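I have placed the structure first, in the form of structure tokens, so that the comments after it can refer back to it.
The values are calculated or read from the model by the stated rules, or taken from the named source; none is laboratory data. From a predicted model like this one, the values you see are computed outputs, not experimental measurements. Cβ placement follows ideal geometry from the backbone for every residue including glycine, while neighbour counts extend to all protein chains displayed.
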Ligand code: PXP
């Protein structure tokens, strides 16, 4: 069964709404871990719009499970990662004007640049995952960079309606199977919620699901501990009850 990585970015979004110190995403990470999360993810954006550099250093100190740092493939972010030493770095594309990460990383054609980043991070004992679309060419290119992991973008599935929902789920299944076959460890995430996660969690060979916005949204009403436990129940049993 897939494990759960809780993305805590939006605790920091709430903090930034007032520019103060609460709610503290580091406290959120500890609560999510107590509730059973298998890992914590945070995205240090270049504009630090939610998570900031200080959070990342604190998360590294506090996380008792596994800390996954999402970051752009830039020299500045690589040097922060090498200094912080998260357990994993997930490389994502980043556009300043986007509300959230929009598409997967375009790896094909950039294998040389990306493999240098993968090598630098791996030399520092940081596992590397590339966040990519459910696309065979991108998967093959990711394998060529030397990354051990990929995170398959589930956002197209999450946003699809009607018949497309089914075809996007099939596309995810094929992508996960193919990535596993070429030897990659496969994570998945983006746009997953309490309604659409069970079908993804049922796909064989997904190591970890990274889920943020829906867990933090639910936490506003039921508390973070309950929200994490509820998502674990969805992953493990297919429903909330
Ligand atoms: N995985 C990646 C690579 C992401 O960029 C994000 C969003 O930061 C997530 C997972 C979590 O997405 P959501 O907040 O929609 O659950």
(request) Looking only at region 49-58, count how many residues are in contact with a strand residue (DSSP E or B) (Cβ under 7 Å, 6 or more places away or on another chain) and free of Cβ contacts under 8 Å to residues at least 40 places away in the same chain. (result) 1
(request) Give region 1-34 a look and list any residue that's over 14 Å from residue 59 (Cα atoms) and in a helix (DSSP H, G or I), or say none. (result) 10, 13, 14, 15, 16, 17, 18, 34
(request) Would you check which residues across region 48-86 are within 13 Å of the chain's Cα centre (by Cα) and farther than 20 Å from residue 153 by Cβ and list them? (result) 66, 67
(request) Quick one: which helices (runs of 4 or more DSSP H) lie wholly within region 131-241 and hold at least 2 residues that are closer than 27 Å to residue 112 by Cβ and in contact (Cβ under 8 Å) with a residue 40 or more places away in the chain? (result) 136-144, 163-181
(request) Sort out which residues of region 72-104 are closer than 16 Å to residue 127 by Cβ and either in a loop (DSSP other than H, G, I, E, B) or out of contact with any strand residue (DSSP E or B) (no Cβ under 6 Å at 6 or more places or on another chain) (or both), and write them in order of number. (result) 73, 78, 82, 84, 85, 86, 87, 92
(message) Condition first: in contact with a strand residue (DSSP E or B) (Cβ under 9 Å, 6 or more places away or on another chain), crowded, with 23+ Cβ neighbours inside 10 Å and assigned to a helix (DSSP H, G or I). Can you find one or more residues in region 35-48 that meet it?
(response) no
(message) Here's a check for you: in region 83-116, which residue that is surrounded by fewer than 16 Cβ atoms within 10 Å (Cβ to Cβ) and more than 26 Å from residue 192 (Cβ to Cβ) is nearest to the ligand (Cβ to nearest atom)?
(response) 110
(message) Name the single residue that is farthest from residue 1 (Cα to Cα) among those in region 198-224 being touching a strand residue (DSSP E or B) at 6+ places or on another chain (Cβ under 7 Å) and more than 9 Å from the ligand (Cβ to nearest atom).
(response) 200
(request) Could you tell me whether region 127-136 includes any residue that is surrounded by fewer than 13 Cβ atoms within 10 Å (Cβ to Cβ), within 22 Å of residue 193 (Cα to Cα), within 16 Å of the ligand (Cβ to nearest atom) and within 18 Å of the chain's Cα centre (by Cα)? (result) no
(message) Can you tell me which of (1) farther than 23 Å from residue 209 by Cα; (2) in contact with a helix residue (DSSP H, G or I) (Cβ under 9 Å, 6 or more places away or on another chain); (3) at pLDDT 95 or above; (4) within 16 Å of the ligand (Cβ to nearest atom) is the one residue 16 doesn't meet?
(response) (2)
(request) For region 185-241, name all the residues that are crowded, with 23+ Cβ neighbours inside 10 Å and modelled with pLDDT under 95. (result) none
